[in-house]
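Here's the structure we're looking at; comments come further down.
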Ligand code: GLY
C-alpha cells in the first residue's frame, strides 16, 4: 500500500521495526504461552490463568501473528498458536463471553487461518462469529454490549469487532453476518456519532423498541464529553466497515471522526489526553488512542486519492513519532513498550498511564503498515 511515506519517516519505521523485533522476542522468552495485559514492576503476568475471557486477550497473539508475517520467525507463530488453543476454554465456557469476541478471535484463529489455512482455526473463527451475530437485537438493530441487565447497550468499541462478521460472510458465503454488521454500523452512525465528529461511548436503548434513552459517560470524563479512545474506535471502525462494504457513508463517517480527532490531537502536541472534553488538570494521557487513530488514518489513506493522503499519513506519523519519543520503553529487561495508556478516565492507578497490551498491538500494526509488512487482521 502506498501511503506516501517520506524517506525519513520510512527510515524511522525501519529502525522501530528492528527494536520491536528485539524487544518482543525478549518478552516472548519470558512469557512463553502466557497472555499479557499490563506489566507490574516491569513484568507481564499470565492474565489468561485468571480470566480467559478478558477482552484484551487477543492483542498479544495479534502482535505475534503480525510479527510472524513480517519476519517469518517461527517463535512468534508457536506462541500465537498456543494462545489460540487456550481460547478454546472460553468458547466452551461461553458465559463470560461478550461483544469483544472479535478482538479475541480475529487476532487468533482468523489471523492463523488467513496466514496458514488451518481448518481448526477457521472453525473457531466461525464459531466466534456466530456468537457475535447472536448478540444482535433485530428491533433496535444493534449488537448489544456486555452481559447481564445491559440488554439495550450499544457502544462505539463494537465497530472494531464487526469485521469478524464481514469475514464470516466472505468465508461461509452466507450474507447474514454482513447484514448484521452493516445494520449495527448504521445504528452506531445514527445514534453514537455526533454531528461535530465526536462520538458517545455508550447509548442505552430501549431493547424492546430501539428508542435511545440515555448516553452515559462510559470510560470518558462525563456524559457529553469526548473519550479519546472511543473517538479512535470510531475512526478505525468506520474505515474498516468501508473497507469491507465500500459504502461511502462509512468512509465519510471515518473521515469526519478523523478530522475531529486530528484537531484535538494537534491541540496537545500529538500526545493524546484521555478525554478531549475534560478539565486541564489533572492532565491524564492515553497513548492507546493515538495508536488506534494512527491505524485508522492509514486505513483511510489506503482508500483515497494521492492528493488527499498526506493529511492522514502525516497525522498518523505525528502521533506515532510523538508518542514513541515521549512514552516508549525500549529496555528489553522490562515488559511493555508504549507507556501512558489509560483504561478509563476515572480508573485507578493500576490502569492509568501504564503500558497496555493493545497500545503495543496498534503501534506494531501501524509501523508494519508504514513498511508494507502488515496483513489486515480485521
Ligand atoms: N473496548 C474497551 C476499551 O476500549 O476500553
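The values are calculated or read from the model by the stated rules, or taken from the named source; none is laboratory data. All values reported here derive from a predicted model rather than from experimental measurement. Every residue, glycine as well, gets a Cβ built from its backbone with ideal geometry; the counts of neighbours run over all protein chains shown.
Residues to consider are 222, 203; find the one that is modelled with pLDDT of 95 or more, outside any loop (DSSP other than H, G, I, E, B) and touching a strand residue (DSSP E or B) at 6+ places or on another chain (Cβ under 9 Å). Spell out the reasoning first.
On the way: 222 fails: outside any loop (DSSP other than H, G, I, E, B).
Going through 222, 203 in turn, just one is modelled with pLDDT of 95 or more, outside any loop (DSSP other than H, G, I, E, B) and touching a strand residue (DSSP E or B) at 6+ places or on another chain (Cβ under 9 Å): 203.
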Original post:
Quick check: anything in the range 178-189 in contact with a helix residue (DSSP H, G or I) (Cβ under 6 Å, 6 or more places away or on another chain), farther than 30 Å from residue 121 by Cβ, part of a helix (DSSP H, G or I) and in contact (Cβ under 8 Å) with a residue 40 or more places away in the chain?
Top reply: yes
Subject >> Residues of the range 357-376 classified as under 12 Å from residue 323 (Cβ atoms) and either within 16 Å of the ligand (Cβ to nearest atom) or outside any helix (DSSP H, G or I) (or both), total >> reply: 4
**OP:** Output the number of residues of the range 36-73 satisfying the condition of being in contact (Cβ under 8 Å) with a residue 40 or more places away in the chain, part of a loop (DSSP other than H, G, I, E, B) and more than 17 Å from the chain's Cα centre (by Cα).
**Re:** 6
**OP:** Return a yes/no flag: does the range 340-355 have any residue that is surrounded by fewer than 19 Cβ atoms within 10 Å (Cβ to Cβ), away from the ligand (no atom under 16 Å from the Cβ) and free of Cβ contacts under 8 Å to residues at least 40 places away in the same chain.
**Re:** yes
Original post:
Residue check, residue 140 against (1) more than 19 Å from the chain's Cα centre (by Cα); (2) not in a loop (DSSP other than H, G, I, E, B), all met but one. Which one?
Top reply: (2)
Subject >> Residue under evaluation residue 38, criteria (1) away from the ligand (no atom under 16 Å from the Cβ); (2) within 25 Å of residue 341 (Cα to Cα); (3) surrounded by 14 or more Cβ atoms within 10 Å (Cβ to Cβ), criterion not met >> reply: (1)
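For every residue, the table says whether it meets (1) within 16 Å of the ligand (Cβ to nearest atom); (2) in contact with a strand residue (DSSP E or B) (Cβ under 8 Å, 6 or more places away or on another chain).
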| residue | (1), (2) |
| --- | --- |
| 96 | yes, no |
| 120 | no, no |
| 123 | no, no |
| 132 | yes, yes |
| 152 | no, yes |
**OP:** Could you please let me know if residue 146 is surrounded by fewer than 18 Cβ atoms within 10 Å (Cβ to Cβ) and under 15 Å from residue 98 (Cβ atoms)?
**Re:** yes
**OP:** Only residues that are within 16 Å of the ligand (Cβ to nearest atom) and touching a helix residue (DSSP H, G or I) at 6+ places or on another chain (Cβ under 7 Å): list them for the range 284-335, please.
**Re:** 286, 287, 288, 289, 290, 291, 292, 293, 294, 295, 296
Original post:
Only one residue in 15, 42, 62, 34 is modelled with pLDDT of 95 or more and on the phi > 0 side of the Ramachandran plot, so which one is that?
Top reply: 42
**OP:** Considering only residues that are more than 14 Å from the ligand (Cβ to nearest atom), at positive phi and surrounded by 17 or more Cβ atoms within 10 Å (Cβ to Cβ), look in the range 184-239 and name the one that is farthest from the chain's Cα centre (by Cα).
**Re:** 210
